[in-house]
Amino acid sequence: MISNNIDFNNKIILITGGAGFIGSNLAFYFQEYFPDSNIIIFDCFRSESKFSNGNLKSFGHYKNLIGFEGTIICGNINNQNDLNLLSKYKFDYIFHLAAISDTRVYDQNIIMQTNINSFYSFLKLAKRDKAAIIYASSAATYGSLLSPQIEGFENPENPYGFSKLMMDQIAKDFAIKNTDIVVVGLRYFNVYGPREYYKKNTSSMVIQLGHQILNGNPPRLFEGSDRIFRDFIYIDDVIQANIKACTPKKNGVYNVGSGNPRSFQEIADILQKKLGTNYQTEYFPNPYDGYQMHTQADISSSKTNLYFEPIVSLEEGISNYILDIKRLHGTENI
Ligand SMILES: NC(=O)c1ccc[n+]([C@@H]2O[C@H](COP(=O)([O-])OP(=O)(O)OC[C@H]3O[C@@H](n4cnc5c(N)ncnc54)[C@H](O)[C@@H]3O)[C@@H](O)[C@H]2O)c1
C-alpha cells in the first residue's frame, strides 16, 4: 500500500473517467485499502458512436468495474444537467481523468470542449468543496521535443496535447488565485497494465503485442524499433503518483514516467520470454512523418515535490501483467 499518511476512509472521492483504465484502477485502490471511503465514479461509459478515425468516442467499460462497490453516475462531462447530479455531494478529493484520451482524434472542437471546458466545472467544484483536485495531463504536451522531457518546455503537436497543455495553464492560474486548494496535474507517459484492454487500439503496445504473440503471430514492429524508445510506466506507479499528489510540497504539473526509456523491441523480447515463444520479429516501414523516436520523463521535480519514486521495472511490470494479458486473450472486446 502506498502511504502519504492520508486516511481516505470516510472521505468522499470523485473519480471522473472512473470506468476507464487509470480511473478504475484508482477506484479499486481506494476500495481495497480504504474500505470506508466513499467513491463516486462519473463516466459516460462506452457508446457506439465513433470519431472519423474509426475509434470509439469513449472507452469506459463496465467490465473494468466488476466488483466495484461504490457509486456510479453515468454522465457526460460536457453536459451541465449530468454534472448537476454531483451537486448533492461534498467532495474531499477529485481525481479528474475523464477526457478524450485518443491522441489521434483531430476534431478540435470536440477535444477542446471535452478536455478544456469541462475542466472549469471540476475546478469550480473543487473550490466549492475545498477539495484537492488531481487531474490528468499528458506527455503529449511535449510533442516531439528532444528527451528528457521536462516541465516548462512544451510543444504539443496534436489537438489532444494542446488541450492538456491548456488544462495545465488553467490549473496554474487557478492555483495562484486559490492558494488554499491542492491542484496538481500529472503528465503521464506511456502507461500500461490491467484494465487497459477496452481502450482497443489505443491501449499500450504491451497488451497489443502480447495478444499478437498469443495469436501465434510474430511481433510486428516498425523498422528500427530497437531505436524507438518510450518511457513506459506501470499502472501501480501511476496510482502511487495520484496518491502522493494529494499532499504535494507545492501545486504544479509533474511528469509521471519511469525516467528510464525502453525500446519497442525490448517489449517484444520481454513478452516472448514470458510467453515462451521465439518468433522472428517482422518489421514494416513506419508510415508516420515526424514520429517521436524517444521519450524520457525528467522526474526530478516529481521526486522533489511529490516524493514520487517509480519502483516497477518494465520486466516486473510485464511479469505482473502477463496473467491478465493471457486471461483477456481472445475474449470479446466490444
Ligand atoms: N493511459 C495513458 O498512457 C495516458 C497517458 C497520458 C495521459 N493520459 C490521460 O489520463 C486520463 C485517463 O486515461 P486512460 O488511459 O484511463 O483513458 P481511458 O480512455 O480508459 O479513460 C478515460 C475515461 O473517460 C471517459 N470519458 C471520455 N469522455 C467523457 C465524457 N465526455 N464524459 C464523461 N466521461 C468521459 C471514458 O469513458 C473513459 O472511461 C485521460 O485524461 C488521459 O488523457 C493517459
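Between ILE134, ILE116, which is touching a residue at least 12 places away in the same chain (Cβ under 8 Å), in a helix (DSSP H, G or I) and within 13 Å of the ligand (Cβ to nearest atom)?
ILE116
Residue by residue through segment 58-80, note down the ones that are of a type in the set (A, V, I, L, M), without any contact (Cβ under 8 Å) to a residue 40 or more places away in the chain and not in a loop (DSSP other than H, G, I, E, B).
Selection gives ILE73 alone.
One line per residue, one yes/no per condition, for (1) at pLDDT below 95; (2) in contact with a Leu (Cβ under 6 Å, 6 or more places away or on another chain); (3) among the basic types (Lys, Arg); (4) closer than 21 Å to PHE122 by Cα:
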position	(1), (2), (3), (4)
ALA27	no, no, no, yes
ASP36	no, no, no, no
ASP43	no, no, no, yes
LYS63	no, no, yes, no
GLU69	no, no, no, no
CYS74	no, no, no, yes
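Checking the structure you have, find out if any residue of segment 20-43 is surrounded by 24 or more Cβ atoms within 10 Å (Cβ to Cβ) and part of a loop (DSSP other than H, G, I, E, B).
Looking for residues that are surrounded by 24 or more Cβ atoms within 10 Å (Cβ to Cβ) and part of a loop (DSSP other than H, G, I, E, B), one finds at least one in segment 20-43, hence yes.
Here is a yes/no grid of residues against (1) of a type in the set (Phe, Trp, Tyr); (2) surrounded by fewer than 19 Cβ atoms within 10 Å (Cβ to Cβ); (3) under 30 Å from ILE334 (Cβ atoms):
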{"position": "THR179", "(1), (2), (3)": "no, yes, no"}
{"position": "PHE189", "(1), (2), (3)": "yes, no, yes"}
{"position": "PRO194", "(1), (2), (3)": "no, no, yes"}
{"position": "TYR197", "(1), (2), (3)": "yes, no, yes"}
{"position": "VAL206", "(1), (2), (3)": "no, no, yes"}
{"position": "LEU209", "(1), (2), (3)": "no, no, yes"}
{"position": "ASN215", "(1), (2), (3)": "no, yes, yes"}
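Modelled with pLDDT of 95 or more, farther than 17 Å from TYR160 by Cα, outside any loop (DSSP other than H, G, I, E, B) and β-branched (Val, Ile, Thr), is that true of ILE111?
no
Name the single residue that is farthest from ALA140 (Cα to Cα) among those in segment 76-114 being surrounded by fewer than 14 Cβ atoms within 10 Å (Cβ to Cβ) and out of contact with any Phe, Trp or Tyr (no Cβ under 9 Å at 6 or more places or on another chain).
Per the criteria, the residue is LYS88.
Exactly one of (1) closer than 20 Å to ASN320 by Cα; (2) within 13 Å of the ligand (Cβ to nearest atom); (3) of a type in the set (Val, Ile, Thr) is unmet by ILE270. Its number?
All conditions are met except number (2).
The values are calculated or read from the model by the stated rules, or taken from the named source; none is laboratory data. Since the model is a prediction, treat every value here as computed from it, not as a measurement. Heads up, the Cβs are rebuilt from the backbone with ideal geometry, glycines too, and the neighbour counts pull from every protein chain shown.
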